[in-house]
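Presented below is the structure to which this report refers.
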Amino acid sequence: MLKLSNAIGVQVQNALERAFPEATTTALANGKALNPQLAPASKPEFGDFQVNGALQLAKQLKQSPRHIALAIVEQLKTDEAFLSLCNSPEIAGPGFINLSLKNECLETEIKKQLKDERLGVPLTSQGKDKPIVVDFSSPNIAKEMHVGHLRSTIIGDSIARILEFRGYSVLRLNHVGDWGTQFGMLISHLKRVAPSALTTANAIDLGDLVNFYRQAKQRFDNDVEFQDASRQEVLKLQNGDSEALKAWHLLCDQSRKDFNQIYKRLDIRLTERGESFYNPFLKNVIDDLDNSGLLITDEGAKCVLLNGISSKEGKPLPMIIQKRDGGFNYATTDLAAIRYRFSESPKGDGAQRLIYITDAGQANHFTGVFQIAKRAKWIPKGGHVEHVPFGLVQGEDGKKLKTRSGETIRLRDLLDEAVGRAEKDLRGRLKEEGRKETENFIKHVSNTVGIAAVKYADLSQNRVTNYQFSFDRMLALQGNTAPYLLYALVRIAGIARKGGDLKAATEKLEFNEHQEFSLIKELLRFDEVIVEVEEELLPNRLCTYLFELSQVFNRFYDQVPVLKANEPSRSCRLALCRLTAKTLKLGMDLLGIPTLERM
RNA sequence: GCGCCUGUAGCUCAGCGGAUUAGAGCAUCUGACUACGGAUCAGAGGGUCGGGAGUUCGAAUCUCUCCAGGCGCGCCA
């Protein structure tokens with residue numbers, strides 16, 4: 001309905017300008033056009049659109065809002081094109097104009113939508129050649145993925161999917177923590193307790209590695225001699241020592257295998273490009289900053305002083321780019337990454353926009369890094385950098401999510417539990433209903449429902465707030481949950497199985513019931529929702545839409561017969577079922593959530 | 001102390017500067033199964049939108065201020 005609302009927007013604008021020609025000229029001379037403020041109706045009883053502008057224009061035009069509204073309506077009534085789309089406009093309250101679409105217009109629109117594979121969502125017209133980088137997930141080598149990575153991974157994937165669907169070229173980058181002091185520590189510890197792990201592939205699994213990591217960290221914090229040894233290992237690694245490199249590769253491979261299992265389960269595509277990738281560019285970052293006069297030395301460390309951000313003492317906060325010992329830190333890597341991503345190929349990605357999906361706690365860090373990149377002139381004209389923050393994952397007690405013993409929950413275990421609970425629930429239901437299904441079916445459905453529930457629960461919440469994790473709530477069969485949405489699709493599939501030809505002819509469409517029109521209006525909103533989600537980078541808006549669509553469909557399904565209806569209603573209703581299924585499937589796909597025919 | 005984020009129904013959350021009724025879901029209560037899967041649908045009760053001030057014709061929404069909570073704050077990432 002995007003095109004339609006644009007068309008009506010133009011018609012209303014023209015009507016306003018015809019009604020008040022002098023004011024229009026004056027306004028244009030001041031560089032501001034009169035704005036009729038066309039918006040979707042705030043409530044269904046107000047129709048489909050409302051014009052709010054009359055109230056604001058009252059002062060400017062020195063007339064009462066109702067009078068202005070009346071003048072606009074008079075003009076609209078002379079517009080043939082407008083009258084072919086909308087019923088006669090109505091003035092309400094202090095001066096709102098309510099517009100409602102004609103049924104014939106809705107029928108024409110829905111007919112178009114039925115034929116459109118993209119369901120009305122336009123392909124982007126610009127910047128297809130320049131990629132958008134979506135930086136998400138980013139686990140650390142030698143550590144297991146935990147709930148902290150869940151949100152970044154799920155939200156990042158969905159945002160990437162939506163941008164891809166809009167026609168952008170998207171670079172999904174996994175900025176894994178594969179470099180830095182922790183490797184010196186880990187290699188030096190393993191050399192002492194498990195030397196075979198550093199030379200033999202698969203000698204130890206990641207679970208062991210995580211334990212080794214903990215031991216190494218503990219030792220590092222308490223043992224000065226060990227710290228020195230670790231630093232030596234880091235230097236060796238950075239200088240390309242073959243033994244150190246081999247050890248590093250083995251550690252990375254081991255971790256990668258584990259990450260990939262998770263990504264496979266979650267159906268996530270990512271290009272791994274870890275911190276180590278930027279290693280060759282770090283020195284240039286320092287030199288560049290030095291040349292542009294941004295770099296200062298403070299307490300032996302090379303820093304850039306941030307504008308407008310002060311430290312505890314009230315002085316400008318320095319951001320350390322090179323440590324006293326000459327080592328680089330994450331700010332250095334992030335700056336190198338920004339520079340590389342914006343640089344033209346082949347020395348970079350030639351990106352138009354960088355999107356970082358990380359927890360809100362890193363907001364200050366990114367503010368600083370972005371500011372430095374801007375001052376160093378690494379962000380080209382038309383280039384954008386954006387931090388897309390999200391809140392903490394909390395348990396039902398409102399505290400940071402942990403196991404009972406207080407440990408971090410592994411992502412693997414969390415997914416297992418979701419799937420396990422879905423399976424238990426399904427088996428119980430099958431028994432209750434006396435249904436018999438194959439083991440394959442049970443496994444497939446439980447897996448799909450479990451993963452869908454985890455993803456949907458996360459995505460359906462506004463990402464900036466903390467997110468309270470609850471298996472019971474996400475797996476609930478009623479309410480705004482994945483199972484509820486999946487069930488709507490299963491009902492449609494059921495109609496098809498019972499002999500409903502969803503591809504029935506749709507040349508002549510005719511609707512009479514209000515439930516049909518509610519469903520049609522909901523279906524036509526899809527394109528606007530997608531475009532809005534793309535602008536705001538808020539996938540929960542898409543979730544809200546899909547939930548509302550499911551509700552409207554369930555009402556339709558409950559109150560209007562499809563298969564038992566007489567023609568032509570039967571075919572017309574089947575067409576609505578088909579479009580509902582397509583919309584739900586596409587919407588879920590853009591969230592990265594798989595769907596089912598039966599459950 | 002400074003910075004960022006959050007505060008909306010008993011609970012979990014939506015909410016795009018607009019209509020003298022601020023929306024969902026869960027939970028609670030009342031209804032509807034010889035129609036396509038009742039994993040559903042129809043309805044009811046429940047809110048001084050953290051407090052105060054300001055801008056505006058109009059504020060949950062914008063500004064300021066206070067209160068409460070979370071997270072972060074120079075050589076980890």
Give or take rounding to whole Å, what are the principal axis extents of the alpha carbon atoms in the stretch A:181-272, in descending order? 44, 26, 21
Between the stretch A:180-253 and the stretch A:463-506, what is the separation of their alpha carbon centroids in Å? 47
With each run of n ≥ 4 DSSP H residues scored as -39500 (n - 2.57), what mean residue ellipticity at 222 nm is computed for chain A after dividing by its residue count and rounding to the nearest 500 deg cm²/dmol? -17500 deg cm²/dmol
For labels at A:Glu313 and A:Asn260 in the simple 7 Å Cα→Cβ model, what's the distance in nm? 5.1
Give the separation of the Cα centroids, the stretch A:38-96 to the stretch A:363-390, in Å. 43
Test of understanding: given chain A, find the longest segment containing no GluC sites (Glu not before Pro) that are in a DSSP loop and have at most 16 other Cβ atoms within 10 Å. A:118-298
Sorted by chain and number, the residues with a modelled amide H under 5 Å from that of A:Arg353, at a separation of 5 or more or across chains, are A:Val133, A:His384
Can you give me the accessible area per residue for the stretch A:181-272, using a 1.4 Å probe, in Å²? 54
Of all accessible heavy-atom area on the stretch A:2-101, the percent that carbon and sulfur account for (1.4 Å): 56
Between the stretch A:130-169 and the stretch A:395-425, what is the C-alpha centre distance in whole Å? 22
At a temperature of 10 °C and a viscosity of 1.306 mPa s, determine how fast chain A diffuses translationally according to Stokes-Einstein, using the Kirkwood radius over alpha-carbon pairs as Rh; express D in µm²/s, rounded to the nearest whole number. 57
What do you get for the angle between helix A:282-291 and the principal long axis of chain A? Use alpha-carbon atoms, 0 to 90 degrees, nearest ten. 80
For chain A, longest principal axis from Cα atoms; helix A:482-497 axis from its Cα atoms; angle between them, nearest 10 degrees, is 50
Shape category assigned to the stretch A:2-101 from the gyration tensor of Cα positions, a/c cut at 1.5: prolate
Let me know the shape class of the stretch A:452-592, please: from the alpha-carbon gyration tensor, a ≥ b ≥ c as square roots of the eigenvalues, rounded when a/c is under 1.5, otherwise prolate if a/b is greater than b/c, or oblate. prolate
Acute angle (nearest 10 degrees) that the helix A:439-459 long axis makes with the longest principal axis of chain A, alpha-carbon atoms: 90
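The values are calculated or read from the model by the stated rules, or taken from the named source; none is laboratory data. Quantities reported herein were computed from a predicted structural model and do not represent experimental measurements. No Cβ is skipped: glycine too gets one built from the backbone with ideal geometry, and neighbour counts run over all protein chains shown. Accessible surface areas use protein heavy atoms only, side chains included; no ligands, DNA or RNA. Shrake-Rupley method; radii C 1.70, N 1.55, O 1.52, S 1.80 Å.
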